[in-house]
Amino acid sequence: MIRKHIFAGAALLALSACGGTGGTAAPTTEADKLKMASDIATLMSDPKMVDSMMDSMRTSMEASMQPMLGAACEGAPADSQAQCASMIDKMRPILAEIFAESMENTKSMMPDLMKDMGGIMARTYTGEELARMKDFYASPEGKSITAKQPQVMAEYMPKVFERMQGLQMDMMRKMQDRMMKAMLDAGVPPPQPPI
């Protein structure tokens, strides 16, 4: 009976030495915290999730630009509306290409971004919190949540861009109006649309 209590006490001591997480030992040095935080950031950013999220963002950005492109010719004189619309149609594939390139560049930055996130996490969380996070994200549940995140983002991002679209259009109009006013106030003739 005494042996059982001694063994149970030893087991409890061993668990407490692991930071009380029941799994991963809590890091004790700043270097160990940074390594663990970087590992967690990597666990949280499954490459498939990143690809799906970036593709969703690109699609949403392209969709949000369509009304802005359509509105670009609103102020053009009637006799140059057709020319303006033609120019906008030529711009659409160029913008799509720019969005695709931008997303690919962002994807290539993910390892550095995860390292940056790891540094922030290491400064923000305690060693015990990091150990628990690592256990969670390495668990079947944590992996499942990470794997399902692209689905969440694919539904979420279009809603963000849809809500932001009106703000973007308003911002563009305000910028254009204020730039035109500043030019007129300075005596500079406003630019004429291409003929």
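Work through the residues other than S102 whose Cβ is under 15 Å from its Cβ and net out their charges, Lys, Arg +1 and Asp, Glu -1.
With Lys, Arg at +1 and Asp, Glu at -1, the net is -4.
If you take the beta carbon distance between E74 and E97 as r and set R0 to 41 Å, what does 1/(1 + (r/R0)^6) give as a FRET efficiency, to the nearest 0.05?
The formula returns an efficiency of 0.95 here.
How about K134: which lysines have a C-alpha closer than 19 Å to its C-alpha, ignoring those fewer than 8 places off in the same chain?
K33, K35, K115, K143, K148
Might you report the magnitude of the Cβ-based charge dipole of segment 27-185 about its Cα centre, with Lys and Arg at +1 and Asp and Glu at -1, to the nearest 20 debye?
180
Would you kindly calculate the mean projected area, averaged across all directions, of the convex hull enclosing the Cα atoms of segment 27-185, in square nanometres?
12.8
Values quoted throughout were computed directly from the atomic coordinates according to the rules given, and no laboratory measurement underlies them. Here the structure is a predicted model, which means the values were calculated and not measured. Neighbour counts are summed over all protein chains in view; Cβ atoms, including those assigned to glycine, are modelled from backbone coordinates with ideal geometry.
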